Amino acid sequence: MSGQSTHLDPGVLAEFRAGLITGRRGTALAAHLAECDRCAALDADLAEVSTLFAAVPPPALPADLANRLDLVLAAEVAERNENYSERAVLSRPRARPRPGWLAGRIGAGNRRLRLVAVRVLAPAAVVLAGLGYGLAQIGGSPAVTAASAPAPVPSASPAAGTATAQNPHSLPRAGAEEEGGSFHLVVSGTNYLPGTLSRQVKAALNGSSYAPGAVQAAPQQLRACVLRITGGTAPVLAQSAHYQGRPAYVIVASRTSGDLVLVVAPGWAAPGCSATSKDVLDTATLPPGI
Amino acid sequence: MQDADGQAPSDTELLRRHVAGDSEAFGELFRRHRDRLWAVALRTVCDPEEAADALQDAMVSAFRRAGDFRGESAVTTWLHRIVVNASLDRLRRKAARPVTSAGDEQAFEALWAHGTDPASATEVRLDVNAALRILPPQQRAALVVVDMLGFSVADAAAILDTSPGTVKSRCARARARLLPYVAHLRGDTGGNRSASESVSPAQGGDA
């Protein structure tokens with residue numbers, strides 16, 4: 001202990017440790033540290049700040065965020081492929097402008113969606129296939145506009161009845177591979193809930209009780225958005241149901257690492273296939289082998 | 001994704017493929033690093049929802065701006081830089097929230113004092129995020145990148161878009177600011193030095 005009346009300021013000591021104080025002043029500081037126990041202890045604590053922060057284990061990426069990032073990335077890939085496709089087929093007329101995709105966040109301008117574009121989306125399925133997480137929930141805003149509630153549409157597909165036998169879980173396989181990317185929508189009375197989503201979806205996949213005649217051809221816009229997310233692959237299940245008491249679509253996309261469950265508000269099935277938390281109500285990943 | 005020789009492609013190769021139009025390459029690249037990128041965003045923003053938005057902003061930005069990557073730094077450095085920028089942007093937009101006010105210091109004190117025996121400092125567990133929240137954003141980002149993620153000062157300077165000297169200075173100020181809480185941080189991170197071994201600026205002395 002030196003008995004000096006002046007000790008080093010922590011800020012100065014920190015700068016010295018960081019190599020910002022050199023030369024004669026640095027030499028003097030080093031000499032003081034060698035003599036002063038109190039400042040030496042302070043110096044050790046400063047070093048420990050770095051050590052302690054370095055030892056903090058990194059936070060795990062939340063499963064819901066991982067799912068959300070994959071969805072957004074799949075959409076980005078689809079968007080880019082669509083643009084490539086549009087450049088390649090200049091003679092084709094453009095479809096209506098897209099108002100919604102991540103509007104505000106990305107500042108989407110006059111981007112366009114065209115159904116034909118879903119034919120080039122296959123790589124997006126690989127993005128989704130990289131998921132391997134458990135139950136997850138996206139966003140959570142319960143605000144759902146009921147104005148465009150999913151409504152059964154008259155069955156327009158002659159294959160609607162034939163799909164039933166193709167599903168190993170005895171439900172009509174929502175995504176019977178049909179020309180034009182059509183799949184079937186099951187009108188369900190189920191009210192899905194956040195805490196039980198996975199269990200309810202498993203029950204829907206395994207169950208056989210659905211009202212005869214409740215299978216409809218998926219509306220065109222819903223079909224476009226679902227295929228956009230799945231990369232053109234028909235979903236395992238597509239239901240028009242409820243989520244927390246409000247109309248919602250429940251989509252299950254098959255993946256090798258576990259089926260992806262997507263719960264969307266009716267507003268999701270609109271040009272642009274919004275991925276905002278207002279429209280993507282919940283997601284989950286079912287373990288493989290369900 | 002593997003090359004013909006069975007090796008995983010490098011970050012640079014994945015980015016090149018992405019720019020060339022490969023639909024899978026960016027997803028592969030981002031998944032490779034997103035855990036660490038999430039750590040950067042969360043530690044810098046100190047708010048899970050804002051950090052999630054920042055990470056998403058950054059991912060989309062990197063996806064679209066990949067063609068701007070010129071290879072002056074490693075791809076991972078470039079990705080971290082985009083995430084840090086997105087995180088600081090988020091903080092700027094949320095500027096109404098004070099990050100260094102007395103109120104935050106009080107909240108910090110309340111956090112580590114809550115539910116513990118004040119007489120037993122070694123049992124106090126301090127939330128690291130609460131500690132980081134005391135720091136101004138730029139100092140916080142520097143501390144996160146250098147001390148928590150282990151980047152060199154040179155790489156940190158590239159990530160933070162500033163000079164190495166500024167990185168050192170920000171880190172030094174951040175460490176000095178956190179010094180009074182080192183005993184509590186020690187409790188949080190599993191260190192085992194006793195509180196009596198440390199000397200806090202507030203303790204005795206004749207400075």
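Throughout, read-outs are computed from the coordinates displayed, never taken from laboratory work. All figures in this text were calculated on a predicted structure; none of them were measured in a lab.
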Quarter of the surface of the C-alpha convex hull for region B:11-93, i.e. direction-averaged projected area in nm², equals 5.0 nm²
Quick one: compute the contact order of region B:11-93, relative version, from alpha carbon pairs under 8 angstrom and 6+ residues apart, as a percent.
35 percent
Rounded, prolate or oblate: which fits region B:132-186 when a ≥ b ≥ c are the square roots of the eigenvalues of the alpha-carbon gyration tensor, with rounded for a/c under 1.5 and prolate only if a/b beats b/c?
prolate
